[in-house]
Amino acid sequence: MAAVTLLSTTGLSRHFGGLRAVDNVSFELAQGEVRAIIGPNGAGKSTFVGLICGRLAPTAGRIAFEGRDISGLPAHRRVGLGIAYTFQITSIYSNLTVYDNVALAAQSAMRSGVRRNGVRPLASPVAPEPVQVDARGLTPSSARGLTPSLERRVGDALDRVGLSDRREAKASTLSYGHQRLLEVAMGLALAPKLLILDEPTQGLSDAEIAGFCDLIRAIAREATVLLIEHNMDVVMRLAGRITVLNNGTILSEGTPAEIRADQAVQRAYLGT
Amino acid sequence: MKRLRLASPAQPYAWLADRGVLLHVGVLVALFLAQLALSDYAILSLARVMVLAVYAVGYNILFGYAGLLSLGHAMLFAAGLYGAGLSAAHLGLGAPAAFLAGIAAGFVVAAAFGLIALRTSGVAFMIVTLMFAQAGYLTSLYFADYTRGDEGFVLKGEIRRAVLPGGLSFDLANPVVRYNLALSLLAVCLIGCLALVRSPIGRVLVAIRENEDRTRMLGYDTEANKLLAFVISGTIAAASGAAYALLFAYVGATFASIQYSILPLLWVLLGGAGTVLGPLVGTLLMFYLVDVTSGHTSAYMLVVGVALLVLVVWFPKGLLGTLRERVAPWLP
């Protein structure tokens, strides 16, 4: 793969007191990849992606996204650059409708799209602040110029995860599997360059997992996917490459076949 | 169910949203017409309620929408009250200029206060705002040479006449003038609040209230948005304080005390936190509850307390909040 590096970390570390949760990790992710991060419990996977998306500050090391050093950027700015993160523990707006959940993501993307590219998003009018999206509903004629683009983004995201028929439902009334899909829809509505999924299939049924894998494959055509996953079936089916973390360091990295054959990985998982 | 009213999903329903605007305009028109039918006493008290409702509207933006419970808003109300009152009494500003001075004072205090207090959250935020407001209250007592402390001071003479740059002048001691000025301020704040909560910023504030961490990870600068909510809220509270000083001609330290931090919280809870009209409804209800019961019994606070308990049991989200949940989900 003569790929462009999308994300790289150099000597990235995060210590909690004496615990080296992530220790001197240098990592590269190519554009368009589906990369899985696996490792035993406590290996530092969630801490590692927490550092990447800015939820945690590193103790040492650098993070570069599209060649730009983002180590010092707050999380919301990194989202604006195109790094989307879905939480390990489902985090949605329970009291809002499915539609509103996704629309909040779309509104953010449209605003940062302007900042990111210096151009207005599609179908936005000449208003100085392109996110003045209708919402009022009360002035449909003047707002119509804007509405379709937010509306379309939300509709697209919901279509892709298959929640279109639930758009008016309150998010808390969705089943657990649907709530996870809603989180992915929110991630999609952000139109990210890098989508980080933290244990997305945890708690899903086998049928739901199969659907989820199809969805991730579809997403991977447009975005780079970084996946933390415990379910080895899912990992083997989806990932182009796998990075194995253990005790905060990279134990091994390679294609699924290579990882499957790796003695060190087997030892880490099964104990010596 | 809470509805953010992000781009109404189907345009045919747009008229539903219109209903929200119509309701607010209708309430304001009703308040305007009320002065034709009401007694002098009712006009006086309703003017007072409307000015205080502006305070509640400001409080609601921070508490009801952004989900931040401040126990120190008396400081911001008092910033407006003293900003207007002191500049009128000691600097000789006319009423319109003094009003603007009060708002400016509130803006500055809110920005400084917010920058510090918002470094905390949850219970710590409540405590920090409470302590700041106590410090503000003690400051107003300390400078008793100017503020006359608890006793306060009365605005007299020229300041009772507001002269606008165009030469237009109002007699602030005239109850009808006072009523309509209070109504105008309320109208501006209510419509402004409605526009704010339906704007992208308003939606982000609700998102912060509902799930701050998620909101940050959707790419919103939650800290900046909270500060914005704090400053808008504080400036409206100060506008209310400034109007109170100029319309009712009295400025005293009571208005900076803890009581005036708790009152807007009660009004908003009563009327419905996170509803645009809730603060007005709550202020109105509380005022007349006290007004009517105190005419019959000296134990009127007991009646008020029981009424509040009943509301908590039957209308846990306040009158309008519960109404919205059960019958009128379109209510903004």
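The values are calculated or read from the model by the stated rules, or taken from the named source; none is laboratory data. All of these numbers come straight from a predicted model, not from anything done at the bench. FYI the Cβ positions are ideal-geometry reconstructions off the backbone, even for glycines, and counts take in every protein chain you see.
From the residues in the stretch A:59-78 that are surrounded by 16 or more Cβ atoms within 10 Å (Cβ to Cβ) and part of a strand (DSSP E or B), which one is nearest to the other protein chains (Cβ to nearest Cβ)? So the residue we want is A:65.
Within the stretch A:202-228, count every residue that is within 17 Å of residue A:43 (Cβ to Cβ) and in contact with an Asp or Glu (Cβ under 6 Å, 6 or more places away or on another chain).
From the stretch A:202-228, those within 17 Å of residue A:43 (Cβ to Cβ) are A:202, A:226-228; that's our starting set.
Adding the requirement that they be in contact with an Asp or Glu (Cβ under 6 Å, 6 or more places away or on another chain) leaves A:228.
Of the residues in that region, 1 qualify.
For the stretch B:203-242, a residue qualifies if it is over 18 Å from residue A:182 (Cα atoms) and within 8 Å of another protein chain (Cβ to nearest Cβ), and the qualifying residues are B:203, B:204, B:206, B:220, B:221, B:222.
Residues that are among the polar types (S, T, N, Q) and free of Cβ contacts under 8 Å to residues at least 40 places away in the same chain: which helices (runs of 4 or more DSSP H) entirely in the stretch B:218-332 hold 1 or more of them? It would help to see each step written out before you state the result.
Details: elements: B:222-248, B:259-271, B:278-294, B:300-314, B:318-326.
Counting at least 1 such residues, we get B:222-248, B:278-294.
Evaluating residue B:275 against the criteria (1) more than 21 Å from residue B:55 (Cβ to Cβ); (2) surrounded by 16 or more Cβ atoms within 10 Å (Cβ to Cβ) leaves one unmet condition, (1).
Restricting to the stretch A:193-208, name every residue that is assigned to a loop (DSSP other than H, G, I, E, B) and not small (Gly, Ala, Ser). Within the stretch A:193-208, A:193, A:199, A:200, A:201, A:202, A:204 meet the criteria.
Select, from A:218, A:261, the only residue that is in the same structural domain as residue A:36 (by TED's automatic domain parsing), farther than 22 Å from residue A:157 by Cα and of a type in the set (A, V, I, L, M, F, W, C).
A:261
Please state which one of B:119, B:48 is assigned to a loop (DSSP other than H, G, I, E, B) and out of contact with any Cys (no Cβ under 9 Å at 6 or more places or on another chain). On inspection, the qualifying residue turns out to be B:119.
Residues of the stretch B:148-160 that are within 25 Å of the chain's Cα centre (by Cα) and at negative phi: B:150, B:151, B:153, B:154, B:155, B:159, B:160. The residue that is nearest to the other protein chains (Cβ to nearest Cβ), among those in the stretch A:167-210 that are buried (at least 16 other Cβ atoms within 10 Å of the Cβ) and β-branched (Val, Ile, Thr), is A:196.
Restricting attention to the stretch B:20-43 and to residues that are exposed (fewer than 15 other Cβ atoms within 10 Å of the Cβ) and within 14 Å of another protein chain (Cβ to nearest Cβ), the residue that is nearest to residue B:238 (Cα to Cα) turns out to be B:25. Based on what the data block shows, is residue B:145 in a helix (DSSP H, G or I) and modelled with pLDDT under 85? For residue B:145, the condition - in a helix (DSSP H, G or I) and modelled with pLDDT under 85 - is met. Could you please let me know if residue A:195 is touching a Gly at 6+ places or on another chain (Cβ under 9 Å) and in contact (Cβ under 8 Å) with a residue 60 or more places away in the chain? It is true that residue A:195 is touching a Gly at 6+ places or on another chain (Cβ under 9 Å) and in contact (Cβ under 8 Å) with a residue 60 or more places away in the chain.
Among the residues of the stretch A:83-95, the one identified as in contact with a Ser or Thr (Cβ under 8 Å, 6 or more places away or on another chain) and more than 8 Å from chain B (Cβ to nearest Cβ) is A:88.
Condition check for residue A:116 on (1) at the interface with chain B (Cβ under 7 Å from one of its Cβ atoms); (2) at pLDDT below 90: one failure, at (1). Among the residues that make up the stretch B:44-67, is at least one of them surrounded by fewer than 24 Cβ atoms within 10 Å (Cβ to Cβ), at pLDDT below 85 and not small (Gly, Ala, Ser)? Scanning the stretch B:44-67 turns up no residue that is surrounded by fewer than 24 Cβ atoms within 10 Å (Cβ to Cβ), at pLDDT below 85 and not small (Gly, Ala, Ser).
Say we look at the stretch B:155-168 and pick out the residues that are hydrophobic (A, V, I, L, M, F, W, C) and surrounded by 14 or more Cβ atoms within 10 Å (Cβ to Cβ); which of these is farthest from residue B:256 (Cα to Cα)? In this case the residue turns out to be B:163.
Considering the stretch A:122-166 alone, what residues qualify as being surrounded by 17 or more Cβ atoms within 10 Å (Cβ to Cβ), modelled with pLDDT of 50 or more and part of a loop (DSSP other than H, G, I, E, B)? Residue satisfying the conditions is A:163 alone.
Scanning for something part of a loop (DSSP other than H, G, I, E, B) and either in contact with a Gly (Cβ under 6 Å, 6 or more places away or on another chain) or at pLDDT 85 or above (or both), does the stretch B:149-163 turn up at least one residue? Yes, that holds for at least one residue.
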